[in-house]
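None of the figures in this text is laboratory data; all of them are computed from the coordinates on show. Bear in mind the structure is a predicted one, so any value in this text is a computation, not a measurement. Cβ placement follows ideal geometry from the backbone for every residue including glycine, while neighbour counts extend to all protein chains displayed.
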Amino acid sequence: MKTLIVLLLAIQFSSAADMREITVWAMGAEGKMIAEIVREFEKLHPDVRVITQAIPWNGAHEKMVTAVVGGIPPDVCQMGTTWMPEFRAMDALENLDPLIAGSSTVRSDAFFTGSLDSCRSNNSLYGVPWMVDTRVFFYREDLLKQAGVETFPTTWSGLSDTCGRIMEWKKRTQSPGYAVSLPVNDWQMWLPFLWQNGGAILSEDHTRAALDSSQARESLAYYKSFFDNGVAPLEAAKDLNLFNAFESGYYPLFISGPWMVSEVQKNKPGLNGLWKTARMVAKDKHTSFIGGCNLVIFRDSKNKPDAWKFIEFMSRSDTQARWYGISKNLPAVMEAWNDPAIAGNVHLTAFREQLSQCQSPPPIKEWERIALVLTQCLEQVVYGKRTPENGLSQASADIDAILKKNDRNQSAAFRVGLTAILALVLLAGPLLFLSQGMKGRAADLFRALPFIAPAMIILSVFLFLPLLASLIMSLTDWDISAMNSMGKVMFVGLENYVHLLRDPVFWISLRNTLLFSMMGVPFNIALALLTAVLLNQQLLRFQPAFRTGLFLPVVATTVAVAVVWRWLYNQEYGIFNWMLAQIGFGPQMWLSSPHLALFSLVLMSVWKGFGYNMIIFLAALQAIPKEVYEAADIDGASNLQQFLKITVPMLGRTTLFVTVMTTIGYLQFFTEPYVMTEGGPLNSTMSVVLYMYQHGFKFYNLGYASSVAYVLCAMICVFTLLQFKVLKASDR
């Protein structure tokens, strides 16, 4: 018996030793569903164990960059098509040309051309298409017929005519809503119209913008016409339920991707048979945007042969069809479209037709920054802040500046030496200051050193050195391409600061930050002082309950509060619009209007934070001697006089502390616009910190983001010093 057990254990350990592992990262819902198809791969390859990890889309890019820089990337990874150039610039992806050449499964002619182009760089393939994504029209066939439209249009003029007929029908029947749902700030929606008109974003060599053309101007003017003619809403509710709007006919038309097919069928089964899909309309051609995801192998992968086996398995037509059944994502392999479950779905016919005429954005590492320029251009033109000509001219200039190449040639010795000199210069000031303060007290310093050394070491590692490094970084062009190779970093002096001061978006963000502070800080402090005075009154009952209730928002996370307040501001279901309706006012676009969005964030922020200052004021009020108020009562002072002559002066230093701390917090406001508005509309809620975050963690333009951080730091220091000056003047 013992011999048998030993034999079984030996077999088990032997098989475990022969087992190989690969790690696969997938994003979003796909990361949770991929385990089902992985089991089929493991049956075919019993000596390979696949470890899957689901990564949320909102943190996927940062996690992959961190893994690459740390030298611990997964073996296989799902990667968005527009992210491919960035990781190529980091030299992080494996060239798959040799593997494809020896494969009978992965063939270039098996994939859609537009999808394969997203994997290509310098005529080599660094990924294999996994899922494709394109945009088509979703429309209510029954409502279009009621409006007198028998067949869906195929041209620009036909689409405009159809939308006009829908609006006429809505007026006759007094039906609410619009003809089509179009975003005012989504580059993915405008680019298909640009391509349909024969336009381009960049020149063929990707070195300059190509937007200053008649095709671009015409396509942008055509997109704007939907808003000018009132067939699409200029200020759409941010949280409007699209499914409900489609069902009610509020939006009989909208443009979306393949995931929406199953979502409409699941959420609105009563619409079955009443809606259809159609490919994009045409000016010269029926082009649409193509996106989706690819599968890549990182250069630092530990098991490339088995990783390639997994990609081959996922690229088989039967696997692709099976994956559609699991995830409802469109297959990138054309042969998989012959599967009955896909070919028999009438709503996917338009997608199949559209995939033959698709185009992907230019495969360059600067694309995310260019996409932001296109979004801002579109939004400014649609809102009428710029003409199509002016908007495209400014966008072209911005894109040319982004694409401008740094022709500096700096040796490694030069960069190391300059870094050392800068570090010594920056450290010299604090050291001289300390040496002057300790002059003649060297013995005291020597005796104190063992006691302060632990704290100084911790502060140096986690505070002083990072501050020094970020200051030096602000003098460089450190971007995504240098994340994995310090040799690509070049010193640019004060160029980042010069560019910052010339950037109109920075000045808009600075204006918004100052307005946010000037509205929020006085409102916060006044409300905190008022509630503290009321809670300090002996006549008020249940004081502990009130204190706890008013302080609870401070404890809650800002993200959770922002999500709740987004629903309070909702156009359809929000309590604020309901309250306005009770007194006869119409609904307001709290977060979609450039005039209301910033004030809406101020209101939420004050409600969230005034409880902290209330507690501080309450403690200070309770420290004021009661005898002072009793003497004032005897002298006949009114309550208002007591407040102005006793309370306010005796709270002077507390008010200074509260003002300084609240101002610093408001000058750094970030979470509110990040969660609720993303800086829009028209950059009306863009803050300095959100602007810095975009450049630092979205575009990985780290040198520029560091310069923004130090400008903000200088601004906070100036405001704090001014507040101390005001207090000193008031004390005299």
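Laid out as a table, the results:
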quantity	calculated
Inter-centroid distance (Cα atoms) of region 104-128 relative to region 447-488, Å	42
Anisotropy class of region 648-716 from Cα gyration tensor, a/c 1.5 cut	oblate
Dipole magnitude of region 519-703, debye to nearest 20 (Cβ charges: Lys/Arg +1, Asp/Glu -1, about Cα centre)	240
Estimated distance in nm for a label pair at ASN244 and ASP444, the labels positioned 7 Å out from Cα along Cα-to-Cβ	6.9
Acute angle (nearest 10 degrees) that the helix 412-437 long axis makes with the longest principal axis of the chain, alpha-carbon atoms	20
Virtual spin-label span in nm between CYS717 and THR173, 7 Å along Cα→Cβ	6.5
Charge dipole (debye, nearest 20) of the chain; +1 at Cβ of Lys and Arg, -1 at Cβ of Asp and Glu	1320
J(HN,Hα) series, region 670-676, from Karplus relation 6.51 cos²θ - 1.76 cosθ + 1.60, nearest Hz, glycine and proline x	9, 4, 4, x, 5, 7, 9
P(r) histogram, all alpha-carbon pairs of region 519-703 included - 10 Å bins from 0, percent	9, 28, 29, 21, 11, 3, 0
C-alpha center-to-center spacing [region 573-598, region 290-347] in angstrom	46
Region 519-703 - percent relative contact order, Cα under 8 Å, separation 6 or more	29
At R0 = 45 Å, FRET efficiency that the Cβ-Cβ distance of GLU627 and ARG511 yields, to 0.05	0.40
DSSP-defined antiparallel bridges as percent of all bridges, the chain, nearest 5	65
Sum of side-chain charges, VAL333 neighbourhood, beta-carbon under 12 Å (Lys, Arg +1; Asp, Glu -1)	-2
Positive minus negative residues near TRP259 (Lys, Arg vs Asp, Glu; Cβ under 12 Å)	0
Per-bin percent of Cα-Cα distances, region 357-431 [10 Å]	16, 26, 21, 18, 17, 3, 0
Length added when fully stretched, LEU465-SER108, from 0.36 nm per residue minus Cα-Cα	123.5 nm
Length added when fully stretched, ASP186-GLN543, from 0.36 nm per residue minus Cα-Cα	123.5 nm
The chain, relative contact order [Cα under 8 Å, separation at least 6], %	15
Distance cut-off 46 Å, percentage of C-alpha pairs in the chain lying past it	35
Dipole of region 519-703 [Lys/Arg +1, Asp/Glu -1 at C-beta], most positive-end residue of GLY703, PHE523, ALA560	GLY703
Local net charge near GLY384, Cβ-Cβ under 9 Å (Lys/Arg +1, Asp/Glu -1)	+2
Projected label distance in nm at PHE414 and VAL346, using a 7 Å step from Cα toward the beta-carbon	6.8
Coil-residue trypsin sites (Lys or Arg not before Pro) of region 267-333, DSSP, other Cβ within 10 Å capped at 13	LYS285
Gain on full stretching of the segment that runs from TRP607 to ALA637 - 0.36 nm per residue minus C-alpha separation	7.5 nm
Dimensionless Rg ratio for region 297-348, taking C-alpha atoms and the 2.2 N^0.38 Å reference	1.38
Under the Karplus curve 6.51 cos²θ - 1.76 cosθ + 1.60, θ = phi - 60°, whole-Hz ³J(HN,Hα) for region 661-669, x wherever Gly or Pro sits	5, 5, 5, 4, x, 6, 5, 9, 5
C-alpha long axis of helix 28-44 to longest principal axis of the chain, angle in °	40
Convex hull of region 215-367 built on C-alpha atoms - directionally averaged projected area, nm²	12.8
5 angstrom amide H check on SER121, placed H, neighbours 5+ away	TYR126
Cα gyration tensor category, rounded, prolate or oblate, for region 444-489 with a/c compared to 1.5	prolate
Given the chain, longest segment not containing exposed loop GluC sites (Glu not before Pro) (DSSP; at most 10 other Cβ within 10 Å)	205-732
Global geometry of region 307-393, whether rounded, prolate or oblate, following the gyration tensor of its Cα atoms and the 1.5 cut on a/c	prolate
Helix-only CD estimate at 222 nm, as mean residue ellipticity for the chain, using -39500 (n - 2.57) per DSSP H run (n ≥ 4)	-18000 deg cm²/dmol
Flagged links, alpha-carbon separation over 28 Å, of LYS32/LYS63; LYS43/LYS268; LYS63/LYS385	LYS43/LYS268; LYS63/LYS385
